[in-house]
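Here's the structure, in structure tokens; my notes come after.
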Amino acid sequence: MSHATVPDTHPPAQRGWYKRNEIAVTPLLFLAPAILFFAVYVIIPIAQSFWISLHEWDGLGEATWVGTANYERLLGIGDQNMDRKFETSFWNNIKWLVLYLLAIPAGLFIALFLNQTVRGIRIYKSLFFFPFVISQVVVGLVFSWFYLPREGLLNALIGLFGFGPVNILGDPSMATYGIIAAGLWPQTAYCMILYLTGLNAVDPEQVEAARLDGAKGWRMLWYVILPQLRPATFIAFVVTIIGALRSFDLISVMTNGGPFGSTRVLSFYMFEESLSEFGFRMGYGAAIAVILFILMLGFIAYFLWSMYQDEKGGR
Amino acid sequence: MKSRKTTAWIALCASTLLAGPALAESHGMALSGDLRIISDMSNPAPRAVMEGMVADFGEMHPDLNIELTIVDREAWKTQIRNALGANPPDVVNWYAANRMLPYVNAGLFADVSDLWEEPAFEALASTKGAMTINDAQWGVPYTYYQWGIYYRKDIFDELGLSEPTTWEEEKANCQAILDSGRKCYTIGTKFLWTAGGWFDYINSRTNGYDFHMQLARGEIPWTDDRVRQTFANWRELIDMGAFIDDHQTYSWQEALPFMVNGEAASYLMGNFAVAAMRDGGLTDDQLDFYQFPKIAEVDYAEDAPTDTFHIASGAQNMDAAKEFLRFVVSTENQTKINAGDALGQLPVNANAEIGDDKFLQQGFDMLSNNASGGIMQFFDRDFPAEMASFGMEGLQEFMVFPDNLDDILARLEDARQRIYK
């Protein structure tokens, strides 16, 4: 301040490259770590999976290029039959997708039932939420004991009504349904929590207004409550679909894919082919993974599209 | 795979054991540096054995720094690939026969044929075949165990039955057991491999060892009439209702209570099941063992899976690794680690002493004197991995729905034509 006697004859110093481009560069800098990790852990492995699926490789030696032979064998293109294990796995996946969605209405009704103020409601809520907290492996174990052909609780129960013993997990026509039922237990709890939070956000004034207009029961639910729960329903739908396609741990624990492979789903078959004790056919496993990926991509694209529509509508 | 008609060796070596000079054990070499071992002997008893071996070996070579890592046995079946890939350890555990083929082909196991040429290794002749691929040896065995029918002696006595030696007697016994309101055999096929044991035995008793190994090598179609005969023999038992119900839901351990509670009279199993049966409360008076009976006029072949040590081809300390392998198969060590209070299995060294246990004694006697057909390593080690997984699934299905046989065999044949190229 006190030295401002000599006028500055130099032109203003050239600002650095970063300073000049700060506005454009900074967001990219902040995004860079995320982009890097997303690329390394998601994008590149997807590309590698595609690449491996075009080879025959035991994970140790050299990979041999086989073109689309893995896909041809999977889908039965040409003079071969469709891979039976793949066929079973695919239809089991469809069963999972459809039946797993039952978790959404079930979760909704439990949430509606619990959305009241009575003494100790928090305890009831946490009890209902409990299955989601425990690990899927434990759920699988509990249910496989429940289904045990001789000692199981299920057979004791149906025995009371005079029905003969059933071995759900040992019967190829019932085993998948038995596992899905086990999976629905925690998934319903998850949907219930989503709806409980959603119900907190329901506008009491709208409910009041509807009540004045004489709406109650089903009509109230359908026309007033449910539209306000739309975001919760959307999330419940997304997690349930993804959950159904990822189903793996329950199958591994409860039946290990059996009896005779009747409870396999695509993710389990992929694991068996590529990483299990008798597996290490990496190319074939990768081909299954790619098909599973394409299936999932259909759903994910739909979810992204509908989120995008929502965002546009919200503006 | 070479035929392994080498069991006569055991008898020969055993008889000359005391007369011959003590086998030279080259403990003299001074070893230094690091020796890294990864072991899959993770169950309590094997773990103690492994740690004991490392301690003993360390005492012999005080300058050697031994680093032992014990990995869960099941997890090791998939982890071995990564372990051998980058920065491999010096010594690893694995299994004999076809199970080591991928690692041999990929050049990950070191060729140890030079060890096998040493005189001390002549005592290991009975397992040499199982360690041989492409006329070279790729590791050393450290233990093996017999398979056979473990049965409730008290139930047999109660019904006045004796150990059967022919298929007719087996079936007659079974009928008597069934008539007494019990099942003949307990089995848990949830994890499939137990059914492989039944197939190994019925097939090798029906068609002989050589046929069985040809089938394993993919040289015989699954739709062959001789294979069908095997299944027809098996079906006789299934149709009698000889096996427990719902076995597809149980693991082999979960099938044990049937035997312990006396609801089933016998169990076709490996010798490792004895410990579990004793833990379940069966005394040696209640429990006994017999060799799988004769079906056709062929030589007895026996399942005797061998567990092994291998040197990684990328080993840093090859000298120490080879010395460790020599130590593992040495007579004293074999006697020690396979004793009844250690692994409780059969020593691979013919000069070693068999543990003081009636099942070990019987098993050793059976494998030495009554397995002239050959030694099988078990379904999932003799057949290539992919064929084994197809096969065992088919065997389980056959045991539950024997009527599906045609479909199963067609599927297996389809797989065979694709897998063995």
Would you mind telling me which numbered condition in (1) under 17 Å from the mean Cα position of the chain (by Cα); (2) surrounded by fewer than 22 Cβ atoms within 10 Å (Cβ to Cβ) residue B:245 fails?
(1)
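Yes/no per residue for (1) at pLDDT 90 or above; (2) under 22 Å from residue B:170 (Cα atoms):
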site: B:322; (1), (2): yes, no
site: B:342; (1), (2): no, no
site: B:357; (1), (2): no, no
site: B:372; (1), (2): no, yes
site: B:395; (1), (2): yes, yes
What number of residues in segment A:276-315 are in a helix (DSSP H, G or I) and either among the acidic types (Asp, Glu) or within 23 Å of residue B:80 (Cβ to Cβ) (or both)?
8
Tell me which residues, restricted to segment A:48-57, are open to solvent by less than 70 Å² (accessible area, probe 1.4 Å) and out of contact with any helix residue (DSSP H, G or I) (no Cβ under 6 Å at 6 or more places or on another chain).
A:54
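Do we have residue B:341 as closer than 21 Å to residue B:65 by Cα and open to solvent by 30 Å² or more (accessible area, probe 1.4 Å) here?
No, not satisfied.
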Quick one: which of B:303, B:210, B:279 is open to solvent by 10 Å² or more (accessible area, probe 1.4 Å), at pLDDT 90 or above and among the acidic types (Asp, Glu)?
B:210
Quick check on my filter: what residues within segment A:200-244 are without any contact (Cβ under 8 Å) to a residue 12 or more places away in the chain and outside any helix (DSSP H, G or I)?
A:213, A:214, A:215, A:216
Considering segment B:83-106 alone, what residues qualify as being within 13 Å of another protein chain (Cβ to nearest Cβ) and not aliphatic (A, V, I, L, M)?
B:85, B:88, B:94, B:95, B:98, B:99, B:102, B:103, B:105
Taking first residues from segment B:194-210 that are more than 16 Å from residue B:220 (Cβ to Cβ) and second residues anywhere that are among the hydroxyl-bearing types (Ser, Thr, Tyr) and surrounded by 23 or more Cβ atoms within 10 Å (Cβ to Cβ), the pairs with Cβ under 8 Å that are 6 or more apart or on different chains are B:195/B:189
When residue B:257 is run through (1) open to solvent by 10 Å² or more (accessible area, probe 1.4 Å); (2) in a helix (DSSP H, G or I); (3) in contact (Cβ under 8 Å) with a residue 40 or more places away in the chain, the failure sits at (3)
Looking only at segment A:59-114, which residues are open to solvent by less than 70 Å² (accessible area, probe 1.4 Å), assigned to a loop (DSSP other than H, G, I, E, B) and out of contact with any helix residue (DSSP H, G or I) (no Cβ under 9 Å at 6 or more places or on another chain)?
A:67
Among (1) open to solvent by less than 20 Å² (accessible area, probe 1.4 Å); (2) away from every other protein chain (no Cβ under 14 Å), which single condition is residue B:415 missing?
(2)
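Filter segment B:348-390 for residues that are more than 18 Å from the chain's Cα centre (by Cα), within 14 Å of chain A (Cβ to nearest Cβ) and crowded, with 22+ Cβ neighbours inside 10 Å and give the result.
Result: B:387, B:390.
Residue-wise test of (1) open to solvent by 10 Å² or more (accessible area, probe 1.4 Å); (2) in a helix (DSSP H, G or I); (3) touching a helix residue (DSSP H, G or I) at 6+ places or on another chain (Cβ under 6 Å); (4) at negative phi.
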residue	(1), (2), (3), (4)
B:120	yes, yes, no, yes
B:127	no, yes, no, yes
B:143	no, no, no, yes
B:158	yes, yes, no, yes
B:161	yes, no, yes, yes
B:164	no, no, yes, yes
B:170	no, yes, no, yes
Suppose we keep only residues that are assigned to a helix (DSSP H, G or I) and open to solvent by 50 Å² or more (accessible area, probe 1.4 Å) within segment B:66-80. Which one would you say is farthest from residue B:41 (Cα to Cα)?
B:79
List every residue pair whose Cβ atoms lie under 8 Å apart, where the two residues are 6 or more positions apart in sequence or sit on different chains, the first residue falls within segment B:52-74 and is touching a residue at least 12 places away in the same chain (Cβ under 8 Å) and in the same structural domain as residue B:89 (by TED's automatic domain parsing), and the second residue, located anywhere, is part of a helix (DSSP H, G or I) and β-branched (Val, Ile, Thr).
B:52/B:337; B:53/B:328; B:53/B:337; B:66/B:54; B:68/B:54
Residue count for segment A:245-273, restricted to those that are in a helix (DSSP H, G or I) and open to solvent by 10 Å² or more (accessible area, probe 1.4 Å):
8
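Would you check which residues across segment B:82-97 are within 15 Å of residue B:129 (Cα to Cα) and crowded, with 23+ Cβ neighbours inside 10 Å and list them?
B:96, B:97
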Exactly one of B:231, B:272 is under 26 Å from residue B:216 (Cα atoms), under 24 Å from the mean Cα position of the chain (by Cα), in the same structural domain as residue B:210 (by TED's automatic domain parsing) and surrounded by fewer than 18 Cβ atoms within 10 Å (Cβ to Cβ), and that one is B:272
Wholly within segment B:312-421, which helices (runs of 4 or more DSSP H) include no fewer than the required count, namely at least 3 residues that are outside the structural domain of residue B:188 (by TED's automatic domain parsing) and hydrophobic (A, V, I, L, M, F, W, C)?
B:318-329, B:358-369
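Per-residue answers, yes or no, for (1) within 14 Å of another protein chain (Cβ to nearest Cβ); (2) among the hydroxyl-bearing types (Ser, Thr, Tyr):
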site	(1), (2)
B:226	no, no
B:249	yes, yes
B:259	no, no
B:263	yes, no
B:275	no, no
B:279	no, no
B:286	no, no
For residue B:89, state whether it is more than 24 Å from the chain's Cα centre (by Cα) and assigned to a loop (DSSP other than H, G, I, E, B).
yes
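The values are calculated or read from the model by the stated rules, or taken from the named source; none is laboratory data. Just so you know, these numbers come straight off a predicted model, no measurement behind them. Neighbour counts are summed over all protein chains in view; Cβ atoms, including those assigned to glycine, are modelled from backbone coordinates with ideal geometry. Heavy atoms of the whole protein, side chains included, go into the accessibility calculation; ligands, DNA and RNA do not. Shrake-Rupley method; radii C 1.70, N 1.55, O 1.52, S 1.80 Å.
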